Amino acid sequence: MSSEIIVLAFALLVVLLIAGVPLGFSTGAIGAALLWINFGPAGLSLIAQRIYDLAVTFSLLAVPLFIFMSMLLERSAIAQRMYDALNLLLCRIRGGVAVTTAGMAVIMAAMSGIIGGEIVLLGLVALPQMLRLGYDKHLTIGTICACGSLGTMIPPSVVLIMYGLITQTSINDMFVAAVVPGLLLGAVFIGYIIIRVNLNPALAPVVERPPATPQERGGHPLIEMTLTLAPFAIGGAAGVIGAQAGAEGATSVSIGIGTCAALQLIAILITQKRQDLIIAHGLVPPLLIVTVVMGSIYGGITGITEAAAMGVGVTLLIIAIRGEFQFDLFAGAMEGTFRSTGAIMWVVFGATVLAGAFSLSGGNRYIASLLADMNLSPSSTILIMLLIFFILGMFMDWIGIILLTMPIFMPIVRSYGFDPVWFGVLFSMSMQVAFLSPPFGSAAFFLKSVAPPEIDLPTIYRSFGPFILLQIAVLMLVFFVPDIALFLVR
């Protein structure tokens, strides 16, 4: 494939996207045209087999299941109660509502791994609250969108699942490797918020909790938080032990989950205060979902798809026990799942056609020789790839970028001796940056769909600046210190 054809195909893709043609149809049409020109009808039959093989992959079922779980959480009261509970714990510190929003984003990411829905949910729950309390609008917007984008990193991220499927990399290893960088980035966001609001108190007023009656008054907030979260820390620790021990770890995780539930029940029984019950009722269900989904994966009890199904089952059970289950809720969640899954699969099919056409036409060899002629070091080559991810991420969805670039980049990454798991973590972090980057960063449009009219797109994009710099800083840290991502895998 000549450089002229590559440039022409890319230019045509940009024109189609600007004209409003969906990405799946744009990439599919260009790929089909390239196949017909180079191979005739036989080329189309080859790529049809590749699409079929991808579509019937069992692990791909995890994607609609996690989307369905996200839709259920968005439509039920689980998320609102979790936000209220975190608010009770943290509202008395400066910036506490922003920290609550960040904490909720981390937990939501660990429950469903879906990015757009998380930002919409935070926009509905946290945005009106923070603006009403007098929080700076730029800090509010940046916190919601940056923390909402943690779904690209924190397992069970759909980005990590698709990366593993396309590159034939262990999805379990991807989940284990992404935990520390994802939580590190969340901690960096929270640290930045706390430091900034204390340097400039006008950005975030302190919100006083209403005075409690003697019957409502509980203990120290730190003790309350410890009683609520410690059992789940035990379950999480058992999950890590199980991930390192392999199949034998299933026993550890089962014991950890059982201990988690028992201790949480004891904590609720011995803290029969109204505010403590609000905290427990708000945090126990989402953390139980996280424990079931991630504990079963890390402990080797189930695979990704089975864990996603268990998460859906637990979510439906919690909704039913709380008396919130309604046909409209279920039907709305199903409709949203069908729409989101359909959009993703069309992009998958179209990008698979274009990537296959590019590969069969010799595009992979052309790009590899082009990089070799540049005489770059292996590390510099990886940086060039990350830059390409940033640029493509400003215009394309992450799924299209995976399908278009990984067949080209992955052979080069492996030939240099780099770990595909580490490269996958870098890719996910790059997509997180692209998710906030103008001109087409998706986070801005998701938030705008639920924001008040006075919050326009330029205001939203201006709010992203400090958080994008923090994302790039953590990305470079993982780039230069790979063990941050790999020490648990090894």
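The values are calculated or read from the model by the stated rules, or taken from the named source; none is laboratory data. Everything numeric in this text was worked out from a predicted model, so none of it was measured. When we count neighbours, we look across all protein chains shown, and the Cβ atoms used for this are built from the backbone with ideal geometry, even at glycine.
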message = Test of understanding: among 124, 160, 131, which residue is assigned by the TED database to the domain that holds residue 315 and within 23 Å of residue 307 (Cα to Cα)?
response = 160
inquiry  = Being out of contact with any helix residue (DSSP H, G or I) (no Cβ under 6 Å at 6 or more places or on another chain), of a type in the set (Phe, Trp, Tyr) and surrounded by fewer than 20 Cβ atoms within 10 Å (Cβ to Cβ) is the filter here; which residues of the range 315-360 pass it?
reply    = 327, 330, 338
ask   = In the list 89, 122, 133, which residue meets the criterion of being over 22 Å from residue 315 (Cα atoms), of a type outside the set (Phe, Trp, Tyr), surrounded by 21 or more Cβ atoms within 10 Å (Cβ to Cβ) and at pLDDT below 85?
value = 89
message = Can you confirm whether residue 449 is exposed (fewer than 14 other Cβ atoms within 10 Å of the Cβ) and touching a residue at least 60 places away in the same chain (Cβ under 8 Å)?
response = yes
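Residues in the range 430-439: is at least one of a type in the set (Ser, Thr, Tyr), surrounded by fewer than 16 Cβ atoms within 10 Å (Cβ to Cβ) and in contact (Cβ under 8 Å) with a residue 40 or more places away in the chain?
Within the range 430-439 (the criterion being of a type in the set (Ser, Thr, Tyr), surrounded by fewer than 16 Cβ atoms within 10 Å (Cβ to Cβ) and in contact (Cβ under 8 Å) with a residue 40 or more places away in the chain), the answer is no, since none of the residues qualifies.
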message = Restricting to the range 84-135, give me the number of residues that are farther than 9 Å from residue 148 by Cβ, of a type in the set (D, E, K, R) and touching a Ser or Thr at 6+ places or on another chain (Cβ under 8 Å).
response = 0
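Inside the range 125-214, counting only helices (runs of 4 or more DSSP H) that do not spill past its ends, which hold 1 or more residues that are of a type in the set (Phe, Trp, Tyr)?
Those helices (runs of 4 or more DSSP H) span 158-167, 171-199.
To keep it simple, each residue is scored yes or no on (1) more than 17 Å from residue 158 (Cα to Cα); (2) surrounded by 13 or more Cβ atoms within 10 Å (Cβ to Cβ); (3) within 17 Å of the chain's Cα centre (by Cα).
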position	(1), (2), (3)
373	yes, no, no
399	no, yes, yes
408	yes, yes, no
411	yes, yes, no
414	yes, yes, no
423	no, yes, yes
441	yes, yes, yes
query = Looking only at helices (runs of 4 or more DSSP H) that fall completely inside the range 289-391, which ones have 3 or more residues that are outside the structural domain of residue 435 (by the TED database), at negative phi and among the hydrophobic types (A, V, I, L, M, F, W, C)?
reply = 327-360
query = Quick check: anything in the range 361-369 β-branched (Val, Ile, Thr), out of contact with any Asp or Glu (no Cβ under 9 Å at 6 or more places or on another chain) and under 30 Å from residue 76 (Cβ atoms)?
reply = no
query = Is there any pair with a first residue in the range 304-330 that is hydrophobic (A, V, I, L, M, F, W, C) and a second that is surrounded by fewer than 19 Cβ atoms within 10 Å (Cβ to Cβ) and not in a helix (DSSP H, G or I) whose Cβ atoms are under 6 Å apart and which are 6 or more apart or on different chains, and what are they?
reply = 319/325
inquiry  = Pairs please, first residue from the range 168-196 and under 13 Å from residue 486 (Cα atoms), second anywhere and of a type outside the set (A, V, I, L, M) and outside any helix (DSSP H, G or I), Cβ atoms under 7 Å, 6+ apart in sequence or on different chains.
reply    = 175/155; 175/156; 178/155; 178/157; 179/155
task = Within the range 9-61, track down each residue that is in contact with an Asp or Glu (Cβ under 7 Å, 6 or more places away or on another chain) and among the basic types (Lys, Arg).
result = none
inquiry  = For residue 303, only one of the following conditions fails: (1) surrounded by fewer than 19 Cβ atoms within 10 Å (Cβ to Cβ); (2) modelled with pLDDT of 80 or more; (3) under 24 Å from residue 151 (Cβ atoms). What is its number?
reply    = (2)
